[in-house]
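Bear in mind that the values in this text are calculations on the coordinates, not laboratory data. Fair warning: this is a prediction, and the values are worked out from it, not measured in the lab. All Cβ positions, glycine included, derive from the backbone under ideal geometry; neighbour counts span all protein chains shown.
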Amino acid sequence: MNILITGGAGYIGAHVAKQLLETTEHNIVILDNLSTGIARTLDTLHSIREFAFINLDLKEFDKICTTLKEYQIDTIIHFAASIVVPESVENPLKYYMNNTVNTTNLIRCAVANGVERFIFSSTAATYGEPVNISENGISEAYPTEPINPYGMSKLMSERVLRDTAKAHDGFKYVIFRYFNVAGADIHYRDDMLEPRIGQSFPNATHLIKIASECAVGKRAKMAIFGDDFATADGTGVRDYIHVDDLADAHIRAIEYLETHPSDIFNAGYGKGYSVKEVINTMKEVTGINFQVDIAERRAGDPATLISDNSKIKSLMHWTPKYEDLKLICKSAYEWEKRLSEV
Ligand code: UDP
């Protein structure tokens, strides 16, 4: 296959590229404008196996179409997007342009150039602030009512994809709704965990990234946003999924579409950890204590977000390998250490 990965220099895209380069013989084309992805990630990927890299912004509509034609792309895995929730509230048009409009254009070019498969990274933010969740977590059938422009920009892209696939035979999709993606490349050298790629995005807002920045001393302290939620210890509960398990789901999706119809899947472990549990785990695996304050709740943070992952497990036979929260925290920390060394 000829596979185009948009946002392939970014966090999740690079982990998918890594697995495709390591475990398959598909031709890979990475398209990225390097706005948040880093060039060093591309060097690491190049050391695994050769691939084509195109430095291009998705808003270059004509060039996108030309690229699909030139490389005879039959599969697109689409990651390139803006992903910061508070920024989406302040600057919604950036999100509707970068996410919804650019994705719509990519789909338009895909259909026009005979692309057969489209794998799309969506988000649990499409569910909004869920209430009355069953014990099994949030299933894909749960109503989608995003509470911020980021979630809405992704949901609108989902609809474009769904309607287009309905109208065009031979064009199929898999949509993944990600829960909390964390951790870094599980790669060992001399029995030591040594991630080659990881999250490099500056000014990160995600819990595990921030806790690893504290552990390596990049930040003096961090805050727990609210300890009065209706959860066991009062802090927010989330479903953290290791980025390599998530990447594996994308590779399965390519094969899945050979024999199955288009569909939407939650990507999470179906198990939740509280903010306190995550921070304590980070302290435990690193042996480093850092200051943690209690702060106000962050606007729009629901108490609990846990996936019902029975669909992806049963239909795609996806079996996660890195569910251990300690390994998720340890890999994030080891990557953070490497990031601060260079
Ligand atoms: N969180 C926190 N302190 C931080 C960052 C996050 O207490 O510095 C909490 C946040 O309120 C939520 C959980 O950690 O309950 C996960 O937040 P994150 O931003 O990682 O992902 P989200 O679930 O918002 O997508």
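I'd like the full set of residues that are within 24 Å of ALA124 (Cβ to Cβ), hydroxyl-bearing (Ser, Thr, Tyr) and away from the ligand (no atom under 15 Å from the Cβ), limited to segment 256-292.
Correct list: TYR256, SER262.
Can you list the helices (runs of 4 or more DSSP H) lying wholly within segment 252-342 that have 2 or more residues being aromatic (Phe, Trp, Tyr)?
On the way: elements: 275-286, 310-316, 325-341.
In segment 252-342, 325-341 are the helices (runs of 4 or more DSSP H) which contain 2 or more residues that are aromatic (Phe, Trp, Tyr).
Counting just the residues of segment 214-244 that are within 16 Å of LYS276 (Cα to Cα) and charged (D, E, K, R), which one comes out surrounded by the fewest Cβ atoms within 10 Å (Cβ to Cβ)?
At the first step, the residues of segment 214-244 found to be within 16 Å of LYS276 (Cα to Cα) are 214-215, 221-240.
Among the residues that remain, those that are also charged (D, E, K, R) are: 221, 227-228, 233, 238-239.
Numbers: LYS221: 9, ASP227: 16, ASP228: 11, ASP233: 13, ARG238: 25, ASP239: 24.
Looking at the filtered set, the residue picked out is LYS221.
Working only within segment 200-213, note down all residues that are buried (at least 20 other Cβ atoms within 10 Å of the Cβ) and more than 12 Å from the ligand (Cβ to nearest atom).
Hit for segment 200-213 is SER200, nothing else.
So, of the residues in segment 176-194 that are over 19 Å from PRO320 (Cβ atoms) and surrounded by fewer than 17 Cβ atoms within 10 Å (Cβ to Cβ), which turns out to be nearest to the ligand (Cβ to nearest atom)?
If we filter segment 176-194 for residues that are over 19 Å from PRO320 (Cβ atoms), which is where we start, we get 189-192, 194.
Then drop every residue that is not surrounded by fewer than 17 Cβ atoms within 10 Å (Cβ to Cβ), which leaves 189-192.
Numbers: ARG189: 28, ASP190: 32, ASP191: 30, MET192: 27 Å.
Here the answer is MET192.
List the number of the failed condition for ILE197; all other conditions in (1) within 15 Å of the ligand (Cβ to nearest atom); (2) surrounded by 21 or more Cβ atoms within 10 Å (Cβ to Cβ) hold.
Answer for ILE197: the failing condition is (1).
Do we find that PHE229 is closer than 25 Å to SER35 by Cβ, aromatic (Phe, Trp, Tyr) and either away from the ligand (no atom under 13 Å from the Cβ) or part of a loop (DSSP other than H, G, I, E, B) (or both) in this structure? Break it down stepwise before answering.
Numbers: closer than 25 Å to SER35 by Cβ: no; aromatic (Phe, Trp, Tyr): yes; either away from the ligand (no atom under 13 Å from the Cβ) or part of a loop (DSSP other than H, G, I, E, B) (or both): yes.
No; evaluated as a whole, the condition is false for this residue.
Of the residues that sit in segment 83-111 and are part of a loop (DSSP other than H, G, I, E, B) and surrounded by fewer than 19 Cβ atoms within 10 Å (Cβ to Cβ), which one is farthest from the ligand (Cβ to nearest atom)? Explain how you work it out, then say what you get.
Keep residues of segment 83-111 that are part of a loop (DSSP other than H, G, I, E, B), which gives 83-84, 91.
So of that shortlist, the ones also surrounded by fewer than 19 Cβ atoms within 10 Å (Cβ to Cβ) come out as 84, 91.
Details: VAL84: 10, ASN91: 18 Å.
Across segment 83-111, the extreme among qualifying residues is ASN91.
Which residue out of ASP239, ASP248 is farther than 15 Å from LEU325 by Cβ, in contact (Cβ under 8 Å) with a residue 60 or more places away in the chain and not small (Gly, Ala, Ser)? Spell out how you get there, then give the answer.
Numbers: ASP239 fails: farther than 15 Å from LEU325 by Cβ.
So the residue among ASP239, ASP248 that is farther than 15 Å from LEU325 by Cβ, in contact (Cβ under 8 Å) with a residue 60 or more places away in the chain and not small (Gly, Ala, Ser) is ASP248.
Among the residues of segment 275-291, how many are surrounded by fewer than 18 Cβ atoms within 10 Å (Cβ to Cβ) and touching a residue at least 60 places away in the same chain (Cβ under 8 Å)?
Here the count works out to 3.
Going through segment 295-308 one residue at a time, which ones are hydrophobic (A, V, I, L, M, F, W, C), near the ligand (Cβ under 10 Å from one of its atoms) and surrounded by 14 or more Cβ atoms within 10 Å (Cβ to Cβ)?
ALA303, LEU305
Go over the candidates GLY234, GLY217, GLY170 one by one and state the one that is at positive phi, within 13 Å of the ligand (Cβ to nearest atom) and either of a type in the set (S, T, N, Q) or part of a loop (DSSP other than H, G, I, E, B) (or both).
That would be GLY234, the only listed residue that is at positive phi, within 13 Å of the ligand (Cβ to nearest atom) and either of a type in the set (S, T, N, Q) or part of a loop (DSSP other than H, G, I, E, B) (or both).
Mind checking whether some residue in segment 155-176 is farther than 27 Å from TYR256 by Cβ, more than 19 Å from the chain's Cα centre (by Cα) and not hydroxyl-bearing (Ser, Thr, Tyr)? Even if it seems obvious, please write down each step before you answer.
The initial filter retains those residues of segment 155-176 that are farther than 27 Å from TYR256 by Cβ, namely none.
No, segment 155-176 contains no residue that is farther than 27 Å from TYR256 by Cβ, more than 19 Å from the chain's Cα centre (by Cα) and not hydroxyl-bearing (Ser, Thr, Tyr).
What pairs come up if the first residue lies in segment 41-64 and is touching a residue at least 40 places away in the same chain (Cβ under 8 Å) and more than 20 Å from ALA81 (Cα to Cα), the second is assigned to a loop (DSSP other than H, G, I, E, B) and not β-branched (Val, Ile, Thr), and their beta carbons are under 9 Å apart, counting only those six or more places apart or on different chains?
Between residues of segment 41-64 that are touching a residue at least 40 places away in the same chain (Cβ under 8 Å) and more than 20 Å from ALA81 (Cα to Cα) and residues that are assigned to a loop (DSSP other than H, G, I, E, B) and not β-branched (Val, Ile, Thr), the close pairs are THR44/ASP185; THR44/ARG196; LEU45/GLY8; LEU45/ALA9; LEU45/PHE51; LEU45/ARG196.
When you check ILE30 against the structure, is it of a type in the set (A, V, I, L, M), touching a residue at least 60 places away in the same chain (Cβ under 8 Å), part of a strand (DSSP E or B) and crowded, with 16+ Cβ neighbours inside 10 Å, yes or no? Break it down stepwise before answering.
Working: of a type in the set (A, V, I, L, M): yes; touching a residue at least 60 places away in the same chain (Cβ under 8 Å): no; part of a strand (DSSP E or B): yes; crowded, with 16+ Cβ neighbours inside 10 Å: yes.
It is false that ILE30 is of a type in the set (A, V, I, L, M), touching a residue at least 60 places away in the same chain (Cβ under 8 Å), part of a strand (DSSP E or B) and crowded, with 16+ Cβ neighbours inside 10 Å.
So, of the residues in segment 112-143 that are buried (at least 16 other Cβ atoms within 10 Å of the Cβ), hydrophobic (A, V, I, L, M, F, W, C) and away from the ligand (no atom under 13 Å from the Cβ), which turns out to be farthest from LYS166 (Cα to Cα)?
ILE133
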